[in-house]
1. Give the interface area between chains B and A as buried accessible surface, both sides summed, probe 1.4 Å, in Å² to the nearest 100.
2. Ignoring everything but the protein chains, give the 1.4 Å probe accessible area of B:Asp18 in square angstrom, nearest 10.
3. Identify which of B:Thr230, B:Thr160, B:Thr33 has the largest mean-square fluctuation in a Gaussian network model of chain B, with springs joining Cα atoms closer than 10 Å.
4. Let me have the relative contact order for chain A, percent, based on Cα pairs under 8 Å that are six or more residues apart.
5. Which one of B:Asn87, B:Asn108, B:Asn228 has the biggest mean-square fluctuation once chain B is modelled by GNM with Cα springs under 10 Å?
6. From the Cα gyration tensor of the protein assembly as shown, with a ≥ b ≥ c the square roots of its eigenvalues, which class applies: rounded if a/c is under 1.5, or else prolate if a/b is larger than b/c, or else oblate?
7. Let me have the 222 nm mean residue ellipticity of chain B computed from DSSP H runs of 4+ only, each contributing -39500 (n - 2.57), with the sum over all residues rounded to the nearest 500.
8. Of B:Lys11/B:Lys271; B:Lys11/B:Lys374; A:Lys38/B:Lys217; A:Lys90/B:Lys309; A:Lys7/B:Lys240, which pairs sit farther than 24 Å apart, going by alpha carbon to alpha carbon?
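The values are calculated or read from the model by the stated rules, or taken from the named source; none is laboratory data. Every value quoted in this text rests on a predicted model; they were computed, and no experiment measured them. For neighbour counting, all protein chains shown are included, and Cβ atoms are generated from backbone atoms with ideal geometry for every residue, glycine included. To get the accessible areas, we keep the full protein, side chains included, count just its heavy atoms, and leave off ligands, DNA and RNA. Shrake-Rupley method; radii C 1.70, N 1.55, O 1.52, S 1.80 Å.
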Amino acid sequence: MAYTREKPSPIESRDQLRARIPGWGVDLDPQDRPSVPKLRSEPDGNGAHWDFPERQLEHRPRERSVEHAFLTPVFGTTCPARGVSGLMRKAAYRRYSEGRAAHWLLLLAADRVDAWESHVRSFLTLRPDNPITETGVLSEFSHHGIASRIGKRRADVGHQLLDPLIVAGPWVVACGVAYSAIRSIAGRRR
Amino acid sequence: MRAMVYRGPYKIRVEEKDVPRIEHPNDAIVRVTLAAICGSDLHLYHGMMPDTRVGTTFGHEFIGVVEEVGPSVRNLERGDRVMVPFNIFCGSCWFCARGLYSNCHNVNPNATAVGAIYGYSHTCGGYDGGQSEFVRVPFADVGPSRIPDWMDDEDAVLLTDALATGYFGAQLGDIVEGDVVVVFGAGPVGLYAAKSAWLMGAGRVIVIDHLEYRLEKARTFAHAETYNFTEYDDIVVHMKRITDHLGADVAIDAAGAEADGNFLQHVTSAKLKLQGGSPVALNWAIDSVRKGGTVSVMGAYGPMFSAVKFGDALNKGLTLRMNQCPVKRQWPRLFEHVRNGYLKPSDIVTHRVPLEHIGEAYHIFSAKLDGCIKPLVVPSAG
């Protein structure tokens, strides 16, 4: 009862819980849990046989947070920054710390630009982007798309209606802009 | 090699990529035998995580066989069957020396606020992930572990993140015997957190979600009491009513950045990316826990701010605890629990797909079709 000092009575006793739940209470002691205490490493070491790791070679300039003193000894090499999105990303890393909203907003904007640059680039290859296969939307027909949603009281169904808008919307706008541009150029030539 | 490749929000495909190379003397190259799609991969898939570059291969839950080792690797050999924790860590920096493996300072040049994670954007270091045939594993002497002979592949892959994170979430709740624990979100991490809460002596475990098939799993797999929040005007009031108007002792947010339940919050965060994530689940956790209680956050959030009810947390005297799970610290205990039959991680697996069909798998998982709780990806199945 919240308004008196007594703790509410447990619904089930220790014995009832032990009988019902496999392993109930095997980790009862809070001091005997794997990450306790927080600031202690494994007593028998963790496999590191260096004080400071050997440094990975930087084959091309690698962007880094201004909060780091230097490039970390190990880093990922996937997808180097390129194009306009790359310039935006480099600017975000060069100019703003992680404490600045500008840093993250610039990176998010660069992600959108990167997606568009990549779509355009894909049309110059033998394997252009395919919004049907790449969104996996065909699984709607093979994996109970309607039955999974109708009559299930799901909170996310309303939100999911926005997904096609987000995916297809920019394509529709881009096609509209391209169509208008072509019409206007054609009109001027006449 | 064949690999899953991100093409922009909601778009992925399988492409031919170069097999990764040894870039550092302590690297290993692992041939992936089994990977999983994590709920937090969906944040990348939906374009929520800053600096997710087109061309990236996702996948931080994977196991495999060592194909090649760098010259300074001592603890692994070619042919070893290994499980790889989702965090990349050096083992020797200030943070690793104190067991904070998920906060390693030597592996992520792109940020100091977060460590490095396989296949999880450049914000997390710019490493490719394991939803592919091969993957580069840095600090091979520190991160990976040989899979015990008695352990199934499907159990092992779920120990690389989901189970370890769920267990860690319960641990950060500082549960004592008889505690009432409420878990928001009945995805894999929520299910494992609920199950782990019992091991730590919880007296009552409650799981909240809106998907009936996940709540059913919470009842059967995690022995939990469940509530579908869509059936209540206000789930926080309901929580108070069923806990003697005190609130739960411990609340675990296992939903994270894309929590449903509030249209406005969802649109401003998941859709418009104006927040680091929808704080619906976190705010419900803050409101549902009793004064002086503990909120453990295991749901993933982006680096941008979120409209979290910090004033309520202050006025209620709450303890808020959170981190990415230092997976390797949990393993010895979790191995025991799996061996003793207290935990059977693979019981939540619902879908197994070949790598070539990963695009459909992402859509099924993202749209919650077909009763999907946990999809696994088999790179070698054609």
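1. Values: alone 15440 and 16730 Å², together 23350 Å².
Summing both sides, the interface buries roughly 8800 Å².
2. 140
3. Between B:Thr230, B:Thr160, B:Thr33, it is B:Thr230 that shows the largest mean-square fluctuation.
4. Numbers: 77 pairs, mean separation 17.4, N = 190.
Contact order relative to length: 9 percent.
5. Among B:Asn87, B:Asn108, B:Asn228, the largest mean-square fluctuation in the Gaussian network model of chain B belongs to B:Asn228.
6. Details: a/c = 1.63, a/b = 1.23, b/c = 1.33.
Taking the square roots of the gyration eigenvalues as a ≥ b ≥ c, the protein assembly as shown is oblate.
7. Details: 11 runs with 94 residues, N = 382.
Taking each H run of at least 4 residues, the total per residue is -7000 deg cm²/dmol.
8. Working: B:Lys11/B:Lys271 15 Å; B:Lys11/B:Lys374 20 Å; A:Lys38/B:Lys217 32 Å; A:Lys90/B:Lys309 34 Å; A:Lys7/B:Lys240 15 Å.
Over 24 Å apart, Cα to Cα: A:Lys38/B:Lys217; A:Lys90/B:Lys309.
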